[in-house]
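Here is the structure we will look at, set down as structure tokens.
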Amino acid sequence: MRKKVATTRRRFVALSGTGLVGMLLGCIKPKGGSDSQAGQGAGVGATDTSGATDTSGADDTSEADPTCEETAADVEGPYWREGIPVRSDFDLYSDAGHSLTLTGLVTDAECNPIANAVIEMWHADPITKDASDIVASDTVGYDTSSSEMRYYGQFATNTDGQYSFHSKKPGWYLNGGTFRPSHIHVKVYVGGVERLTTQLYFAGDPFIADDPWATAERSVALTESGGGALSGSFDFTLA
């Protein structure tokens, strides 16, 4: 069920416009469907009176309308905050960690891009260690109280439904006696209506397998460039 959001909570929706994104993106193609073979008519392959086989319609195909798979929902978690600032660059605090850039699209189920969709993202503090090296004392937290709202932000898609987000890759924190995989919380709004609440994970994280929420379908494959900077892409599809 879609949830209508109060105007005071989502004032950014009314203020957002294509200029707020203000970023150059590479060519990002929406997730497309595959062609499907059309059904053959009853007359295809019938033999005429001369004994020749009529194959005039044998190769007819009909291109199916493209469809995009809906992005699965996930739990909001306890760390969402009211009044998240408008920004798409969270790397503002000179914290040590791995630079992370994510890009992608917001589309509907027919793969049509959605302009001016508002995306909220928030995540835990970064860390310099790798997952294989962390111990219980390396658990990280969220900025749940300061006016800086470190590693919280909201931004809009551009006229082509594209977004770009930059931060430091979030670290890991303990959920009971087990680390949760590194992840980013996400909410997507269209016209002031909350359409999706989910989480993104990262492919290869060793804690995904035992996590009750993480899935491979929402795990972003990251590419490392010079200097250790990480980048990846994820498209959000709304029902």
- Query: Do the conditions hold for Thr128, that is, is it in contact (Cβ under 8 Å) with a residue 40 or more places away in the chain and among the polar types (S, T, N, Q)?
  - Reply: no
- Of all residues in the stretch 202-239, which are buried (at least 17 other Cβ atoms within 10 Å of the Cβ) and without any contact (Cβ under 8 Å) to a residue 24 or more places away in the chain? Ser219
- Which numbered condition Arg150 fails, given (1) in contact with a strand residue (DSSP E or B) (Cβ under 9 Å, 6 or more places away or on another chain); (2) at pLDDT 95 or above; (3) farther than 21 Å from Ala216 by Cα: (1)
- Within the stretch 126-163, the residues that are of a type outside the set (Ser, Thr, Tyr), closer than 27 Å to Phe207 by Cβ and in a loop (DSSP other than H, G, I, E, B) are Ile127, Lys129, Asp130, Ile134, Val135, Val140, Gly141, Asp143, Met149, Arg150
- In the stretch 176-203, residue farthest from Glu70 (Cα to Cα) [restricted to those that are in a loop (DSSP other than H, G, I, E, B) and either in contact with a Gly (Cβ under 9 Å, 6 or more places away or on another chain) or at pLDDT 95 or above (or both)]: Arg180
- Within the stretch 206-236, restricting to residues that are outside any loop (DSSP other than H, G, I, E, B) and of a type in the set (A, V, I, L, M, F, W, C), the one that is nearest to Ala156 (Cα to Cα) is Phe236
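The values are calculated or read from the model by the stated rules, or taken from the named source; none is laboratory data. If you're wondering where the values come from, they're calculated on a predicted model, not measured in any experiment. Virtual Cβ from ideal backbone geometry, glycine too; neighbours counted across all protein chains shown.
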